[in-house]
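The values are calculated or read from the model by the stated rules, or taken from the named source; none is laboratory data. Because the structure is predicted, anything quoted here is derived from the model rather than measured. In this analysis, Cβ positions are derived from the backbone assuming ideal geometry, glycine residues included, and neighbour counts consider all displayed protein chains.
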Amino acid sequence: MRTIHYKIKRFDGKREWYQDYQLQYEKGKTILWALTAIREQLDPTLVFTSACRHAICGSCAIKVNGKSFLACKTSLDEVLETFKSDNLVFEPLSNFEVIKDLAIAWEPKMEKMKQVKPWIIPSNKGNAERGFIQSEDDFHEISSPTDCILCGVCTSECNQLAVNDGAYLDPFILNRAYRFSVDSRDCAPEEHIRPVYENELWKCIHCMQCISSCPKGIPLTDEIAYLRQESIKIGEVNNQGAKHAFAFYDDIRNKGRLNETMLPIKTDGLIKTATTKIPFALRMIKKGKINPFHMPKAIEGIKGVKEIYKYAEEVKHP
Amino acid sequence: MRYAFFPGCTLESAAEELMISTMKVAEALGIELIELKGWTCCGASHIQDVDDFLATSINARNIALGEKLGVSKIITVCNTCTLMLRTAKAKLDQNKNLRAMVNEGLRSTGMQYKGNVEVTHLLWALIEDYGLDRLKEKVKRPLTGLKVANFYGCHILMPPKIMGFENHMNPQSMEMIAEVLGAESVKFDQRLACCGFHAVFPAEKEVMKLTGMNCLSPKASGADCLITPCPLCQMQLDAYQPDAQKGFSKDITMPVLHLPQLIGLALGFSPQELAIQRHVVDAIPVLTENVLV
């Protein structure tokens, strides 16, 4: 008989510890089945949240061997296969306050979410009484972001939140801002986008964890790119993030390749670079890690690249 | 074996040592790398924040350069270049309208994206195309006793729909290569962590914290050095290490090698031939102690 060993992180409000449980292996079960079986058969004091069992309510996400999953949607066999082990460690999601055992606090996150005005600011084309007419295309704009069930998996996997002081917005909050800013019934996208910009939008590291772990397959990183584009459109160009992105954009148009020596200056300006990046540059130069005099020459076919840029401009502004 | 080679910008400047070691290793293994003529920067996971259509277009052009060479694969040695090229390819292959629009933009260059080459990374190509047995036969100096910490970097694994070479939650390709070379892979918490490189300007404080954690974790596991398949992870973890140290009271010193440098050592090249002396954190003492005797 195959036994699966579970180590579950417990927390009673003061004390933290790991507790061991064992269950016989059964084929075709889910993580939530294991949690429920442990609570019903082995330990009624184990606290976790769950409700719908159909990936709709979003309440049962936990971490298994360091990765975050929606427990009801995730097959136990798949997890055992992924980690090639019969030892599983269950922990509460990261980047949340823990209430008890695997139960996490959502209220602080909901307070944080209010900043992006996660509601429709109605245009004069309709109202709550009369409703709105939306085209099929309009609907498709919001159909994927409205799939979010607030399970918290993206937050738990976010590398920026893991080291951030707290201002940076959770990926699901960015998704809400996106969802309302592209809704055809909303008349004030800037009211959703400005708070996103003001809360460290450019600190996203592009680590791709959110898009890779979302149980609903929401293209979160594409949404973040859109929010950044929109922040540029509302005039927020004088910041490190936008200037850094434009350094790549401009270098490719001008020569085809990045000028790494000029990149810090384009991002931070000459004065800040001179005062903060000199030791970094000197140690690179000293070791021969970088040649500061390497100035990329225009690539073969740069004329064609400029034509591609011209065409992309026309596509953007027909 | 022939590949169209997409070096990426760092190999020309801040990671020239990766160009040197890649070329040495490819030659020793009998892998022909034909550099694409007129390649552009991939956009480095930044350009789509200005214009995502343009990001797809310039990489359609890069891929089209490879298609003209009549090879089946474009190869890179940078995680982010691989991700950018593969992202463009996935979009162009899945969306006919987008492909038609992008090709309209390419028309003036006389090029066209056809979709008949794959985009791979050296790490994958060694396993998938070259073969670990064949690699093992080429080992002249087994790296016995060297404890390596394999640091994958995000963009060679995720998003799995675009990358998908192996399970992104528990990849094994780096460990497989290390084993063939005779090195011992250590287990460490930050094996699949993010280096933070892409936000080092707007999130300097946070990224330095990540760098320190990424060095301390392998150190605690007894690793002699960290190995990465990405020059951007390498630059973040090596060149910024003295800056990251300021935020930590414990010594975080951890040498960081490029994957081709590790392979090159096992193939018998000296650290100098692989330009290992160019790293900010000196890796040569630990290599001398363990494998160069």
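Worth pointing out:
- So A:Leu282, is it more than 7 Å from every other protein chain (Cβ to nearest Cβ) and modelled with pLDDT of 95 or more: no
- Hits in the stretch A:248-262 - residues which are more than 7 Å from every other protein chain (Cβ to nearest Cβ) and assigned to a helix (DSSP H, G or I): A:Asp250, A:Arg253, A:Asn254
- Residues (surrounded by 17 or more Cβ atoms within 10 Å (Cβ to Cβ) and either in a helix (DSSP H, G or I) or hydroxyl-bearing (Ser, Thr, Tyr) (or both)) located in the stretch A:83-112: A:Phe83, A:Ser94, A:Lys109
So that you can scan it fast, the table gives a plain yes or no per residue for (1) more than 10 Å from chain B (Cβ to nearest Cβ); (2) touching a residue at least 40 places away in the same chain (Cβ under 8 Å); (3) not in a loop (DSSP other than H, G, I, E, B):
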{"residue": "A:His206", "(1), (2), (3)": "no, no, no"}
{"residue": "A:Ser212", "(1), (2), (3)": "no, yes, yes"}
{"residue": "A:Phe246", "(1), (2), (3)": "no, no, yes"}
{"residue": "A:Lys286", "(1), (2), (3)": "no, no, yes"}
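- Residue tally, condition in a loop (DSSP other than H, G, I, E, B) and over 14 Å from B:Ile20 (Cα atoms), over the stretch B:236-288: 17
- Identity of the residue in the stretch A:155-170, in contact (Cβ under 8 Å) with a residue 60 or more places away in the chain and assigned to a loop (DSSP other than H, G, I, E, B), that ends up nearest to the other protein chains (Cβ to nearest Cβ): A:Ala162
- The conditions of being surrounded by fewer than 18 Cβ atoms within 10 Å (Cβ to Cβ) and either touching a residue at least 40 places away in the same chain (Cβ under 8 Å) or in contact with a helix residue (DSSP H, G or I) (Cβ under 7 Å, 6 or more places away or on another chain) (or both) are not met by B:Lys96.
- When residues in the stretch A:224-239 are screened for being more than 13 Å from B:Gln48 (Cα to Cα) and either hydroxyl-bearing (Ser, Thr, Tyr) or more than 9 Å from chain B (Cβ to nearest Cβ) (or both), 7 of them pass.
- For the stretch B:130-146, the criterion of being in contact (Cβ under 8 Å) with a residue 24 or more places away in the chain, in contact with a Cys (Cβ under 9 Å, 6 or more places away or on another chain) and more than 23 Å from B:Glu12 (Cβ to Cβ) is met by at least one residue.
- B:Ala26, sole failed condition from (1) crowded, with 24+ Cβ neighbours inside 10 Å; (2) assigned to a helix (DSSP H, G or I): (1)
- Some residue of the stretch B:68-84 being assigned to a helix (DSSP H, G or I), aliphatic (A, V, I, L, M), over 17 Å from the mean Cα position of the chain (by Cα) and within 12 Å of chain A (Cβ to nearest Cβ): no
Matching residues to (1) under 29 Å from the mean Cα position of the chain (by Cα); (2) in a loop (DSSP other than H, G, I, E, B); (3) surrounded by 18 or more Cβ atoms within 10 Å (Cβ to Cβ):
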| position | (1), (2), (3) |
| --- | --- |
| A:His5 | no, no, no |
| A:Lys14 | no, yes, no |
| A:Tyr18 | yes, no, no |
| A:Pro44 | no, yes, no |
| A:Val47 | yes, yes, no |
| A:Cys72 | yes, yes, yes |
| A:Glu78 | yes, no, no |
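- Selection status of B:Glu184, out of contact with any helix residue (DSSP H, G or I) (no Cβ under 6 Å at 6 or more places or on another chain), over 20 Å from A:Phe69 (Cβ atoms) and more than 14 Å from every other protein chain (Cβ to nearest Cβ): yes
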